[in-house]
């Protein structure tokens, strides 16, 4: 829903630079929204200086709240706030790019014979307020959220040494800030060598990261509540959402290939293939 300061309404609206009311004001004060993984935290403080509109809210005839809109992700929702200061925790991966916030007071149903001592005389002694209509409107506020799903997989994985493992074996630990791929020190040394070439990186994608993602999907299946508070989760969750993957019931082999964009096809590249088979 889009609003402009110069919109015309057929009923009185408390809005800055409008003379519908002789006095009074409405502002929805937003603290700077912050990402506290996995949440986007929005703190609000409604400031409604209109006894008549506050009475409508107290009577349950109107509701105070805010719209939050993110066009990049098609997120468009209204959250009721009441008239007291509050905090809202939304899923951070639902937002990317520009996000708009706007405070409103909205009627729940038709309000007949509304009157106010400070109402502009052009509305008469009494007026009707349509159902689901804007009764007060604050200015728009904007902020930006980075596109979580575009963050590289490298940002949520870390390769760590584990001397208790047999060389050549890998394990996956999801209980840390980054998803840890544990390997024997000798194996890590070999992996570091492979990383020095483009062909080596593609080999690692297929032989280390692909099985690691498969194991990750297997571990979290049906156990999302155990990892939702991990810093890596919003990125991985966003990537799964974009790929259409159900994390509660994944197909580890097929879904890992989706997430890594079918990594074996990179080995089939003619130049890479010639280097590996030379």
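Considering only residues that are farther than 18 Å from residue 39 by Cα and surrounded by 17 or more Cβ atoms within 10 Å (Cβ to Cβ), which ones fall in segment 82-106?
Applying the first criterion (farther than 18 Å from residue 39 by Cα) to segment 82-106 yields 82-85, 102-106.
Listed by number, the residues that qualify are 102, 103, 104, 105, 106.
Considering every residue within segment 17-40, establish whether at least one is in contact with a strand residue (DSSP E or B) (Cβ under 8 Å, 6 or more places away or on another chain), in a helix (DSSP H, G or I) and under 28 Å from residue 130 (Cα atoms).
no
Can you find even one residue in segment 234-253 that is on the phi > 0 side of the Ramachandran plot and out of contact with any strand residue (DSSP E or B) (no Cβ under 6 Å at 6 or more places or on another chain)? Walk me through it before giving the result.
Quick first cut of segment 234-253, residues on the phi > 0 side of the Ramachandran plot only: 244.
Next cut, out of contact with any strand residue (DSSP E or B) (no Cβ under 6 Å at 6 or more places or on another chain) only: 244.
Checked against the condition, which is being on the phi > 0 side of the Ramachandran plot and out of contact with any strand residue (DSSP E or B) (no Cβ under 6 Å at 6 or more places or on another chain), segment 234-253 yields at least one hit.
Does segment 36-53 hold any residues that are crowded, with 18+ Cβ neighbours inside 10 Å and within 20 Å of residue 16 (Cβ to Cβ), and which are they?
Residues satisfying the conditions are 44, 46, 48, 50, 53.
Scan segment 250-260 and tell me whether some residue there is outside any helix (DSSP H, G or I), modelled with pLDDT of 90 or more and within 15 Å of residue 153 (Cβ to Cβ).
Initial filter on segment 250-260 (outside any helix (DSSP H, G or I)): 250-251, 260.
In the following step, the residues that additionally are modelled with pLDDT of 90 or more were identified as 250-251, 260.
Remaining after also requiring within 15 Å of residue 153 (Cβ to Cβ): 260.
Yes, some residue in segment 250-260 is outside any helix (DSSP H, G or I), modelled with pLDDT of 90 or more and within 15 Å of residue 153 (Cβ to Cβ).
Which of the numbered conditions does residue 205 fail, given that it passes all the others? Conditions: (1) crowded, with 16+ Cβ neighbours inside 10 Å; (2) without any contact (Cβ under 8 Å) to a residue 24 or more places away in the chain.
The one condition residue 205 does not meet is (2).
When the residues of segment 9-35 are filtered to those that are touching a residue at least 12 places away in the same chain (Cβ under 8 Å) and more than 28 Å from residue 121 (Cβ to Cβ), which remaining residue is surrounded by the fewest Cβ atoms within 10 Å (Cβ to Cβ)?
32
Confirm whether residue 231 is in contact with a strand residue (DSSP E or B) (Cβ under 8 Å, 6 or more places away or on another chain) and touching a residue at least 24 places away in the same chain (Cβ under 8 Å). Spell out how you get there, then give the answer.
Details: in contact with a strand residue (DSSP E or B) (Cβ under 8 Å, 6 or more places away or on another chain): no; touching a residue at least 24 places away in the same chain (Cβ under 8 Å): yes.
So residue 231 fails the test.
I'd like the full set of residues that are in a helix (DSSP H, G or I) and either at positive phi or surrounded by fewer than 17 Cβ atoms within 10 Å (Cβ to Cβ) (or both), limited to segment 261-271. Can you show your working first?
Filtering segment 261-271 for residues in a helix (DSSP H, G or I) gives 264-267, 270-271.
If the condition is that a residue be in a helix (DSSP H, G or I) and either at positive phi or surrounded by fewer than 17 Cβ atoms within 10 Å (Cβ to Cβ) (or both), then 264, 265, 267, 270, 271 are the ones that fit.
Can you confirm whether residue 231 is at pLDDT 90 or above and either assigned to a helix (DSSP H, G or I) or not assigned by TED's automatic domain parsing to the domain that holds residue 40 (or both)?
Values: at pLDDT 90 or above: no; either assigned to a helix (DSSP H, G or I) or not assigned by TED's automatic domain parsing to the domain that holds residue 40 (or both): yes.
In short, no.
The values are calculated or read from the model by the stated rules, or taken from the named source; none is laboratory data. Because the structure is a prediction, the values reported are computed rather than measured. Positions of Cβ are generated from backbone atoms using ideal geometry, with glycine treated the same way; all protein chains shown enter the neighbour counts.
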